[in-house]
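Visitor: Handing you this structure, nothing more for now.
A short reminder: the numbers here are calculations on the coordinates, not readings from a lab. Just so it is clear, the structure is predicted and the values come from calculations on it, not from any experiment. Cβ atoms come from the backbone with ideal geometry, glycine included; neighbour counts cover every protein chain shown.
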Amino acid sequence: MPASGAPTSRIMLVDGHSVAFRAFYAIPDTIRDAQDRPANAIYGFMNTLYRSLQDHTPTHAAVTFDVGTPFREEMYAGYKASRAMGPEDLEPQVEVIRTLLGALAVPVYELEGFEADDLLATLARQARAKRFEVDVLSGDLDVLQLVRPGVRVITPGKTFSEPIVYDEPRVVERYGVPPTKLRDWKALVGDASDEIPGVPGIGKKSATELLQRFESLGEIYSRLDAIESARLRNALAAGRESAALSRQLVTLRDDAPVELDLATAKLGGFDRAAAVRLFQELGFNGLARRMPQW
């Protein structure tokens, strides 16, 4: 029995595109559907979802997807500028994943201008306000900044079959700083995969050491004269504007105009027979047999 005032329910929030993208590259495209179309992302996504629901037993679940152009591109034209279009075979599989989630009565959240990570941050905040424990399932480590008491992040792991659960100590073990400082850490280091510049001349080790000494990016810049290394001091001074922009870009917004509907997010209440038929029609007989008993 939970202690008085403690959360009594758990919601799993899933980063849809991230998990599907990870599955697409982790699982051979020899996995096909009934029409002989690639189904590796579908198979990997659903397997990961099934396993996560079984291992962590949430009472509720919801999935977020990217859609449209994110507001960050308006802030900074270079944001993800050189990232290639997604693989041709992935997006049709994402559409099938949406269909399967609908058959399982798992709600999907997406919003023009916001990325899936921002929706995860928003829904996590709303769920915590309702005294829910929150698990965020994602292959994108940007979401580690959401980790706090009552919020964990689960990543599929390198082999896609060995999930890693990040709580606050695990984040500190990996980065040397707590989740509350990850935005500042990334503002200094940058992120080549998203074209976030960071501060030229500041690497991961330097960023960690700075944030172990100072409370925040703001304090670093207010106390530049306390940094003994002339090289670091000069790099920080030259990169002040870049650091400020990078921090804006990496910060996940938790104020997206979406509202968590706990009634629709509650697991169960779907037509199991109809869902099994749909899975079988698509050629996913194994997934149909393993469909969780909600």
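Visitor: Answer with one residue from 257, 270, 237: the one whose Cα lies farthest towards the positive end of the charge dipole of the range 231-272, charges on Cβ with Lys, Arg +1 and Asp, Glu -1.
Guide: 237
Visitor: I would also like to ask the following. Quick check for you: which residues of the range 233-265 have the amide N under 19 Å from the point 7 Å beyond the Cα of residue 125 toward its beta carbon?
Guide: 247-262
Visitor: Explain nothing, just compute: Karplus ³J(HN,Hα) = 6.51 cos²θ - 1.76 cosθ + 1.60, θ = phi - 60°, for every residue of the range 55-69 in order, whole Hz, x for Gly and Pro.
Guide: 6, 10, 6, x, 8, 9, 7, 7, 10, 10, 10, 7, 8, x, 9
Visitor: Taking 0.36 nm per intervening residue step and subtracting the Cα-Cα distance, what contour gain separates residue 285 from residue 221 on full extension?
Guide: 17.3 nm
Visitor: For the range 97-156, what is the charge dipole size about the Cα centre, in debye to the nearest 20, if Lys and Arg each add +1 at the Cβ and Asp and Glu each add -1 at the Cβ?
Guide: Computed charge dipole of the range 97-156: roughly 440 debye.
Visitor: Enter the angle in degrees (range 0 to 90, nearest 10) between the Cα long axis of helix 116-129 and the first principal axis of the Cα atoms of the chain, meaning the one along which they spread out most.
Guide: For 116-129 against the chain, the angle is about 90 degrees.
Visitor: Hey, how much of the P(r) for the chain falls beyond 28 Å, as a percent of Cα pairs?
Guide: Details: 18191 of 43071 pairs.
When all Cα pairs of the chain are counted, 42 percent exceed 28 Å.
Visitor: At residue 209 and residue 230, where each label point lies 7 Å from the Cα along Cα→Cβ, what is the point-to-point distance in nanometres?
Guide: Result for the modelled spin labels: 1.7 nm.
Visitor: Once you keep just the Cα pairs under 8 angstrom separated by 6 or more residues, what percentage relative contact order results for the range 179-250?
Guide: That works out to 43 percent.
Visitor: Run lengths n ≥ 4 of DSSP H only: what is the helix-derived mean residue ellipticity at 222 nm for the chain, with -39500 (n - 2.57) per run over all residues, to the nearest 500?
Guide: Dividing the helical sum by the residues of the chain leaves -13000 deg cm²/dmol.
Visitor: Report the extension gain between residue 253 and residue 57 in nm, rounded to one decimal, defined as 0.36 nm multiplied by the number of residues separating them, less their alpha carbon distance.
Guide: Using 0.36 nm per residue and subtracting the Cα-Cα distance, I get 67.8 nm.
Visitor: While we're on this one: Using the structure shown, list the pairs from 80/130; 130/205; 130/204; 80/181; 80/266 with a Cα-Cα distance above 32 Å, or answer none.
Guide: On the way: 80/130 35 Å; 130/205 38 Å; 130/204 36 Å; 80/181 23 Å; 80/266 35 Å.
The pairs that break the limit, which is 32 Å between Cα atoms, are 80/130; 130/205; 130/204; 80/266.
Visitor: Place the peptides 243-254, 267-278, 55-66, 117-128 in order of packing, highest mean first, counting for every residue the other Cβ atoms within 10 Å and averaging per peptide.
Guide: The packing order, highest mean first, is 117-128, 55-66, 243-254, 267-278.
Visitor: Follow-up. Which angle between 0 and 90 degrees, to the nearest 10, do you get for helix 204-213 versus the longest principal axis of the chain when only C-alpha atoms count?
Guide: So the inclination is approximately 70 degrees.
Visitor: Of all DSSP beta bridges located in the chain, what percent are antiparallel, nearest 5?
Guide: 30 percent
Visitor: May I ask you to order 88-94, 73-79, 206-212, 225-231 by the average number of other C-beta atoms within 10 Å around their residues, highest value first?
Guide: 206-212, 88-94, 73-79, 225-231
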